[in-house]
Protein chains: 2
Amino acid sequence: MSRPLITRQPLPASSKVYHSVADHPDIRVPLRSIALSNGEHVTVYDSSGPYTDPTADIDLSAGLPPLRANWIAGRGDTELYPARPPRAADDGGSGAVPGRVESLQRQPRRAVAGANVSQMHYARRGIVTPEMEFIALRENQRCSAAWQAEIETGERRRRLQGDARGARIPAIITPEFVRREVAEGRAIIPANINHPELEPMIIGRNFLVKVNANIGNSAVTSSIDEEVDKLVWATRWGADTVMDLSTGRNIHTTRDYILRNAPVPIGTVPIYQALEKVGGIAEDLNWEVFRDTLVEQAEQGVDYFTIHAGVRLAFVPMTADRVTGIVSRGGSIMAKWCIAHHQESFLYTHFEEICEIMKAYDVSFSLGDGLRPGSLADANDEAQFAELKTLGELTTIAWQHDVQTMIEGPGHVPMHMIEENMTQQLEHCHEAPFYTLGPLTTDIAPGYDHITSGIGAAMIGWFGCAMLCYVTPKEHLGLPDRDDVKAGMIAYRIAAHAADVAKGHPGARYRDDLLSQARFDFRWQDQFNLSLDPDTAIRYHDATLPKDSAKVAHFCSMCGPKFCSMQITREVRDYAREGMARKSAEFRALGSEIYVREVD
Amino acid sequence: MSRPLITRQPLPASSKVYHSVADHPDIRVPLRSIALSNGEHVTVYDSSGPYTDPTADIDLSAGLPPLRANWIAGRGDTELYPARPPRAADDGGSGAVPGRVESLQRQPRRAVAGANVSQMHYARRGIVTPEMEFIALRENQRCSAAWQAEIETGERRRRLQGDARGARIPAIITPEFVRREVAEGRAIIPANINHPELEPMIIGRNFLVKVNANIGNSAVTSSIDEEVDKLVWATRWGADTVMDLSTGRNIHTTRDYILRNAPVPIGTVPIYQALEKVGGIAEDLNWEVFRDTLVEQAEQGVDYFTIHAGVRLAFVPMTADRVTGIVSRGGSIMAKWCIAHHQESFLYTHFEEICEIMKAYDVSFSLGDGLRPGSLADANDEAQFAELKTLGELTTIAWQHDVQTMIEGPGHVPMHMIEENMTQQLEHCHEAPFYTLGPLTTDIAPGYDHITSGIGAAMIGWFGCAMLCYVTPKEHLGLPDRDDVKAGMIAYRIAAHAADVAKGHPGARYRDDLLSQARFDFRWQDQFNLSLDPDTAIRYHDATLPKDSAKVAHFCSMCGPKFCSMQITREVRDYAREGMARKSAEFRALGSEIYVREVD
């Protein structure tokens, strides 16, 4: 395989910093430090991994360093064992199979007999793992004492509190808080013991809202190179987890490359690969081939599995009168299997056996919404909520095994029906984290579904959704390329941040305030550098005012140099503060001008 | 002036149709008819004017035909009179002034002495004007009896009802309903008697949510050609009104070109031009120069004026501790004037005289929110709501003169504080239509503020905002070009439509359902043609599957030809409908395949 062209340079004015606590020198939490022109530094959450650290030595054919290896081995409850032997069908399709890449193979690890290595299991036994310590530091993200003091006081605190809608987010996240949230099932830490490269992160309503990016090839297009590039690119723009939804050729090998090079948790939908193994015939699927696929992927290090175990035989006819039927791929496979056999889904009947595999590797459940609506017309219907209640029952079973679990949600939902999704999910699924695809709030804008769904994502994020699965502009039209991945990511980072602000997350609003302050002070570079996408902000500014002098000018191209409301406001402010009557005379005596000096 | 390169061809598969009623042959309501591949035609609201009618003869240097001329003259309450003489300062700045363009001059018309020619005045006297008849037909937009029958029945009706949040939208809009809404101040019809070219439209909570596009040059950039092109381009993508916010050179002449070629109402902020006339010195402004500017623009045909009469002297100090002070240009000019003179705003003290001008031409008020927040930190503060209450008082005065009035709103507001804006506006402003700029739900994404604000716009539209002022990707960074105008428009058409759907507007959801049905039926061309931006949808699809055969294929590039959940669902549906047990045997006997035939 040729080396993919990945993007590595840090974002403008940014450098990678690592935070640690005194007694855990091996817990090094990466943050992005943005240098402001006034000498301040701002640290923000950083999902981009070692790629944006210029000192890191990156070799995609060797993978990232296994930063969690000692933590996992040190717990003494796992063993190395001979991997499941490779099979010809593992790479799917009938085309050329590149074969395993030796340098990316690791000997897999699993729990010793009788052990449970899930973060939930540790949490419930009162153990604070290094992963939990890491996450606590990471979630606090900005360590400014001034900021902490500010949010504790007065009017500002009132405004920053937001409307948490039932979330309970503390001002400071402690390792113990992380442990408790995981123990109680309100949050998950997707972290397969065979994916030691990942930087631990958490998904839960009482933490920052997270964003997932889908990548993966299809039978029509895309290559391994492209997918690894999309992985790195997506994390650069803030992907907290990445799902590899490949259904085409080289399905196993693509996953090897992705996992070994992924600083974020990787999710998959194992039924896709299982279907490939039976030649695409849904009714030829069975528990054995599915089980084999779970073990294969767990050994590779997949951190969460989407499993559509809630698509029960009895629910299938409920979709018959829908406008768009069953739009989930996994859901339609299982629906077809159920009716072909006139039997209950093997995912449902074997659910406890699945739990046994999950806990041996610490793979988390992402219980799939196979009956999610594919159009506004089908939103919140009987089929959807019947499945959701089943997912709640399955959550209870998973938790009996201490297996971490989140719940997938829709899809296409008009605005006025979004909140019901969240309230029903909280009620039926016992506060397990919710993970939704959008939802799209209208069906009429293919080409812009990052926006139609960004609206719904922001709202449901505010209402309590823990992770938002991005939608790219290509949704419904084609496979996303690099530009689409970025467009989807930025739209969803906006949605997640808007949700964090509305919930009153104490670590959210400071960045808005810093950027607004920079804007008001005409610190153009700071405005760019504090933004979600400095490259685009700079490019747009330069489209009308390309000169460097304009970046220090007290005006912009909207109003031009002669007229600026920001400039006027500064005069008004000085005036108002010094007392209106006295200042008035002085002001006029000076013959003050609205025009400011033109910079050229 | 060279002829601008405007875009005229109809959207794909679309043709212009005109609807009339029997007794009003001169009321010809334009709609866009989209031809579907199954032989059906769908009509949708069309703001693009004669430009997209291939039979229309367009000459930008002569302007559009004055379709309302006979209606206005026929009312017998207006007179032609000699226009205010042109002055050198009218075109602003110190640069070259092109002078008046003879072919675009019309002799102005005004109310005869003692008359009031506002649509509100007619409405209150029980008169249904041709404009109201036009609007009723236009708002109903789709005249399918089948659709009307469908929404009247059962479960579907329940789902389509939405959550109106206090709006009362009838299934069929009648001229009498339009009249009543205007009479009671809940809706306005911006339609200056000197802008007979416009196709009447309405802004009110009980009608379709509207979108405004801002255009206009600045001292730094842009030309008349570009602005006329942006006008036509914005209406092509759904602008219901356009504001000309020019502050640069040729300010009067640019407005001439825009008005004479505008099929939609045009709004302005007259204080911008008044400030140019006094050389940019805010404290040199006075009632006389402002009044002169109002008359000048009313004679040209401006349909609504943003007037910042709510920025009162006492409110200015309330902004002193804000993060971003006063960000409205008009607001900052008036704040500066007030403190420089230590006097109450002349817009406030002369408000009734302004009303006298408005009713002589039927110019509508858009009462400006000069103290709107410019950052999340300043949202919903004392200054903002003090001004809003004042706007409510001014609304009452305007209504005493039967002058149509809407209220401008923010700005930058976190999601959890949006609803309060709407409820306060409804309470203080007596249900006068609300017209907001976004609001932006986070400050951290310059370059993407069409998205940050599209989220807020969709929400406040659902809550009852009648018109949404678009924000383009260039907001805060530069003057929007053609691409930015389109990006802003599409984002806001999404927001407005999502709001209509959530409110349960009876004419909204059918398009989502038609598009989703087309998607489910693999009618790719219909899916493109029913979308808000067919050009982009086609381009994105063709990026991965450019062949024509792919447009009739029962698959797409996301899953490829071998695997398609939509195809599977169709099989499931057939099965479920025919009874599960019997069908199961038959299904398996046929050896059904998930794979569908590959198209090449």
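Calculation over all alpha carbon pairs of the protein assembly as shown in 20 angstrom steps from 0 returns a P(r) of 12, 41, 33, 13, 1 percent.
Inter-part distance, region B:432-459 to region A:1-59, computed on C-alpha centroids, equals 31 Å. For A:Glu344 and B:Asp574, a Förster radius of 25 Å and the Cβ-Cβ distance give a FRET efficiency of 0.75, rounded to the nearest 0.05.
Ellipticity at 222 nm from helices only: DSSP H runs of n ≥ 4 in chain B, each -39500 (n - 2.57), divided by the residue count, give -12000 deg cm²/dmol. Could you tell me the calculated FRET efficiency between B:Lys547 and B:Ile58, based on Cβ-Cβ distance and R0 = 22 angstrom, to the nearest 0.05? Once rounded, the FRET efficiency stands at 0.05. With neighbour counts taken as other beta-carbon atoms within 10 Å, the residues B:Tyr540, B:Tyr470 rank, fewest first, as B:Tyr540, B:Tyr470. Peptide B:538-545 shows a mean partner chain C-beta count of 6 within 10 Å per residue C-beta.
Our coupling estimate for region A:262-279, obtained by passing each phi through the Karplus curve with A = 6.51, B = -1.76, C = 1.60 and θ = phi - 60°, is 9, x, 10, x, 10, x, 9, 10, x, 4, 4, 5, 4, 5, 4, 5, 9, x Hz, Gly and Pro reported as x. Once the GluC sites (Glu not before Pro) in DSSP loops with at most 13 neighbouring Cβ atoms within 10 Å are cut out of chain A, the longest remaining piece is A:345-597. For region B:296-315, the residues whose amide N sits under 18 Å from a probe point set 7 Å from the Cα of B:His430 along the beta carbon direction are B:309-310. Relative to the longest principal axis of the Cα atoms of chain B, the long axis of helix B:329-341 makes an angle of roughly 20 degrees. Rounded to whole numbers, the Karplus 3J(HN,Hα) couplings from phi for region A:315-327 are 8, 4, x, 5, 8, 5, 9, 5, 5, 10, x, 9, 9 Hz, using 6.51 cos²θ - 1.76 cosθ + 1.60 with θ = phi - 60°, and x at Gly and Pro. Sorted fewest first by neighbouring Cβ atoms within 10 angstrom, B:Met318, A:Met243 come out as B:Met318, A:Met243. By other beta-carbon atoms within 10 Å, ranking B:Phe434, A:Phe351 with the fewest at the front produces A:Phe351, B:Phe434. Placing a label point 7 Å from Cα along the Cα-to-Cβ axis, B:Glu427 is separated from the same position in the other copies by 3.0 nm, shortest listed first. Measuring spread by the Cα atoms of region A:214-304 yields a radius of gyration and Dmax of 13.0, 40 Å. Residue by residue along B:160-170, Cβ atoms of other protein chains within 10 Å of the local Cβ number 1 on average. Averaged over the residues of A:328-337, the number of partner chain Cβ atoms lying within 10 Å of the residue Cβ comes to 5. If you fit an axis through the alpha-carbon atoms of helix A:534-544 and take the longest principal axis of the Cα set of chain A, what angle between them do you get, 0 to 90°, nearest 10? With rounding to tens, the tilt is 50 degrees.
For A:Ala171, the distances from its label point to the matching points in the remaining copies are 5.7 nm, ordered from shortest, with each point set 7 Å beyond Cα toward Cβ. Each principal axis of the Cα atoms in region A:1-129 has its own extent, and those three values, largest first, are 59, 46, 21 angstrom.
Taking amide H as placed 1.01 Å from N in the peptide plane, A:Met243 has its amide H under 5 Å from the amide H of A:Ala213, A:Asn214, A:Ile215, A:Gly267, each at least 5 places away in sequence or on another chain. Report, to the nearest 10°, how far helix A:565-578 tilts away from the longest principal axis of the Cα atoms in chain A, using its own Cα long axis and a range of 0 to 90°. Result, in degrees: 60. Estimated from the Cβ-Cβ distance and a Förster radius of 60 angstrom, the FRET efficiency linking A:Asp77 and A:Asn38 is about 0.75. Kirkwood hydrodynamic radius computed over chain B comes to 25.3 Å, based on all pairs of distinct alpha carbons.
Throughout, read-outs are computed from the coordinates displayed, never taken from laboratory work. For clarity, every value in this text was computed on a predicted model and none was experimentally measured. Every residue, glycine among them, receives a Cβ derived from its backbone with ideal geometry; neighbour counts consider all protein chains shown.
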